[in-house]
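The values are calculated or read from the model by the stated rules, or taken from the named source; none is laboratory data. All values derive from a computational prediction rather than experimental measurement. All Cβ positions, even for glycine, are placed from backbone atoms using ideal geometry, and neighbour counts span all protein chains on display.
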């Protein structure tokens with residue numbers, strides 16, 4: 001089944017369930033009750049005090065004040081970059097789309113992790129670009145396989161999500177980060193580092209981004225993508241790209257031709273947010289809440305399925321990755337779960353080829369603690385019943 | 001010179017001029033002092049009262065309430081379409097980009113008017129898609145040339161801007177509209193009808209859109225694109241596509257993969273605007289103001305250059321198209337004009353091939369009446385001087 005057919009089946013399954021009563025572990029949504037509604041209101045109010053804000057912007061890179069705030073923020077992440085080397089996008093999805101479009105075309109190859117973000121697989125497929133999976137373990141891509149796949153396929157870029165990665169929450173080791181950069185640099189292959197979850201870390205240790213590690217060579221190998229969707233609010237659709245001037249120039253041109261510029265009112269509101277509120281403080285609250293939701297999920301999983309399944313121990317991000325019995329059809333399990341009011345994301349969608357493990361992805365940030373307990377109980381019940389009957 | 005090099009030169013020229021003191025006839029901006037600042041503020045306030053508005057939308061087509069408002073609005077334009085057949089986009093640029101991406105790829109051909117919207121030419125060029133110009137007069141494309149170009153090039157679609165078209169304000173005759181539809185329908189070629197200016201008509205007569213005329217065949221041939229950029233505010237970046245279900249389905253998929261969805265706060269604000277304010281009344285005020293700015297421009301042109309140049313008599317839209325002497329280099333004229341504090345858009349950018357006429361495009365909506373007079377005087381002076389020296 002192609003990713004698209006597969007996706008349509010998933011859509012169909014999910015549509016069957018009424019969203020009101022459903023306990024959803026499916027989508028990567030932030031918690032509704034943690035959205036900074038009041039603050040955002042004030043930021044829009046402030047943004048709209050400037051008459052000129054309603055006119056076209058003549059800067060396709062994005063509002064300068066926002067780019068300056070992003071530049072400051074990146075400094076905290078040890079990423080030294082001027083606002084001139086930042087392009088504001090309509091969420092990180094558009095960032096990934098723009099980078100794909102300037103580097104690859106129909107028939108080209110892109111290397112991806114196994115497993116990886118399913119929407120990127122769908123997007124590449126839609127554009128006739130071939131995604132090739134690289135063998136990975138819990139430290140990151142295996143260097144020898146990166147090397148071989150580069151040699152064999154001459155890919156246009158390597159897509160990675162190395163910090164609390166989607167779908168399995170993996171954090172690449174520093175060694176593997178360096179090895180990937182080295183191999184790509186030697187072969188002249190670009191790396192697209194997608195980092196939507198990097199701020200949501202449960203411990204305060206610094207994990208260097210690939211972009212940071214590529215500083216020595218003027219960021220010629222790594223393009224960095226991030227977003228405010230997970231840490232402020234998804235609806236504002238403000239993401240961004242950090243890239244060296246040559247790469248950025250092409251991206252800005254394409255941005256101008258495809259949307260002229262991203263929404264400037266949204267941009268200005270986020271700029272005010274960063275100027276007037278303490279995002280690190282908010283992050284700390286978010287992380288605390290998310291960690292306790294995850295604890296709730298893991299505690300209940302231990303009780304219900306402790307002897308049946310295994311899962312990663314996420315140290316950040318928004319997903320728990322659970323490996324279920326190879327005898328269970330995860331689409332059938334989803335259908336039965338939905339009938340019982342629980343949903344999740346079947347793992348094979350995250351593989352471009354045959355999965356190594358029978359995984360399912362559970363989001364732990366959207367659903368309240370209470371509902372998480374109930375949801376896991378229901379899911380476990382369906383799972384036990386299905387297992388008993390195979 | 002390729003469109004891209006040409007564009008870079010133009011950018012360079014325009015950057016030389018300080019935007020503060022410049023009298024700009026270049027860009028297609030609405031009047032700053034006509035932007036509905038207070039109303040828009042209230043609409044954002046209202047939109048942000050809904051907590052849920054900050055979360056991801058699960059509807060890539062766009063907010064349902066906005067699509068319903070658009071559907072009602074289109075009814076006034078004799079376009080009968082349900083909200084299900086509308087996709088909300090990040091301005092009409094993204095609408096054009098999405099349609100291009102689902103229909104054409106590198107190496108394909110698209111037919112365009114001569115002259116046509118320069119950003120579309122740049123975008124097609126950027127994507128390696130060949131734009132081929134169709135011979136046109138003041139009634140629209142010549143049917144015999146449409147037929148020949150379709151036969152010769154088997155284009156993926158025909159891009160037209162038939163109502164107060166960019167750059168020359170042309171309004172296609174109904175006969176030519178029908179002929180284009182008939183020819184495209186027979187050949188199975190799609191028409192992209194771009195209609196950003198249709199509401200800005202100085203007389204109240206109804207001009208049927210191609211989309212309306214294609215109703216008999218279930219809109220299988222025409223895809224309709226419009227935007228609120230010119231009639232409410234550009235910064236909100238809310239455009240839309242009306243298309244039949246089959247075409248729309250592919251567009252929605254690509255929209256989801258490229259941005260997930262357009263900014264929902266912007267969308268909801270526009271939805272509130274359409275629900276709470278009388279856009280037709282606003283339009284009437286806009287049209288009145290723009291017509292008087294145009295009158296100012298034409299009156300001064302008559303005085304200054306009446307015997308030297310000719311121009312169209314716009315009956316709507318935002319552009320006046322002026323034909324200057326073939327002996328004048330319009331890029332040199334621009335450089336000299338900029339040195340005198342006036343800017344415009346040289347006409348050859350709007351042609352994919354050798355222009356028939358030496359035209360320049362003057363926007364009459366952005367600049368105040370007083371400055372329009374001064375600007376035309378300065379431009380005329382530079383023109384006379386240059387003409388005297390050739």
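Numbers below:
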{"read-out": "Residue selected from the stretch A:200-226 under the condition within 28 Å of residue A:39 (Cα to Cα) and crowded, with 24+ Cβ neighbours inside 10 Å, by the criterion nearest to the other protein chains (Cβ to nearest Cβ)", "value": "A:225"}
{"read-out": "Members of the stretch A:33-71 that are more than 15 Å from residue B:47 (Cα to Cα), out of contact with any helix residue (DSSP H, G or I) (no Cβ under 6 Å at 6 or more places or on another chain), free of Cβ contacts under 8 Å to residues at least 24 places away in the same chain and more than 9 Å from chain B (Cβ to nearest Cβ)", "value": "A:64"}
{"read-out": "Tally of residues being part of a loop (DSSP other than H, G, I, E, B) and in contact with a helix residue (DSSP H, G or I) (Cβ under 8 Å, 6 or more places away or on another chain) across the stretch A:210-234", "value": "9"}
{"read-out": "Positions within the stretch B:20-32 being touching a strand residue (DSSP E or B) at 6+ places or on another chain (Cβ under 6 Å) and facing another protein chain (nearest Cβ under 9 Å), in sequence order", "value": "B:28"}
{"read-out": "Check on residue B:185, part of a helix (DSSP H, G or I) and without any contact (Cβ under 8 Å) to a residue 40 or more places away in the chain", "value": "yes"}
{"read-out": "Among residues of the stretch A:121-150, those that are part of a loop (DSSP other than H, G, I, E, B) and touching a helix residue (DSSP H, G or I) at 6+ places or on another chain (Cβ under 6 Å), counted", "value": "2"}
{"read-out": "Odd one out for residue A:118 among (1) over 29 Å from residue A:204 (Cβ atoms); (2) away from chain B (no Cβ under 11 Å); (3) touching a strand residue (DSSP E or B) at 6+ places or on another chain (Cβ under 8 Å)", "value": "(2)"}
{"read-out": "Any hit, the stretch B:163-179, residues being touching a strand residue (DSSP E or B) at 6+ places or on another chain (Cβ under 8 Å), part of a helix (DSSP H, G or I) and closer than 30 Å to residue B:26 by Cβ", "value": "yes"}
{"read-out": "Residue selected from the stretch A:73-110 under the condition free of Cβ contacts under 8 Å to residues at least 60 places away in the same chain and assigned to a strand (DSSP E or B), by the criterion farthest from the other protein chains (Cβ to nearest Cβ)", "value": "A:109"}
{"read-out": "Residues of the stretch A:57-72 that turn out to be surrounded by 18 or more Cβ atoms within 10 Å (Cβ to Cβ) and either touching a strand residue (DSSP E or B) at 6+ places or on another chain (Cβ under 9 Å) or in a helix (DSSP H, G or I) (or both), as a count", "value": "9"}
{"read-out": "All positions within the stretch A:257-268 that are on the phi < 0 side of the Ramachandran plot and within 8 Å of chain B (Cβ to nearest Cβ)", "value": "A:257, A:258, A:259, A:261, A:262, A:263, A:264, A:265, A:266"}
{"read-out": "Among the candidates B:53, B:40, residue that is at pLDDT below 95 and assigned to a helix (DSSP H, G or I)", "value": "B:53"}
{"read-out": "First in the stretch B:169-182 and on the phi > 0 side of the Ramachandran plot, second anywhere and not in a helix (DSSP H, G or I), Cβ under 8 Å, 6 or more apart", "value": "B:169/B:312; B:169/B:314; B:169/B:315; B:169/B:316; B:169/B:317; B:169/B:319; B:169/B:320; B:169/B:321"}
{"read-out": "Which listed residue, of B:354, B:370, is without any contact (Cβ under 8 Å) to a residue 24 or more places away in the chain, surrounded by fewer than 24 Cβ atoms within 10 Å (Cβ to Cβ) and part of a helix (DSSP H, G or I)", "value": "B:370"}
{"read-out": "Listing of helices (runs of 4 or more DSSP H) fully contained in the stretch B:235-346 that carry 2 or more residues being assigned by TED's automatic domain parsing to the domain that holds residue B:96 and surrounded by 22 or more Cβ atoms within 10 Å (Cβ to Cβ)", "value": "B:245-259, B:264-276"}
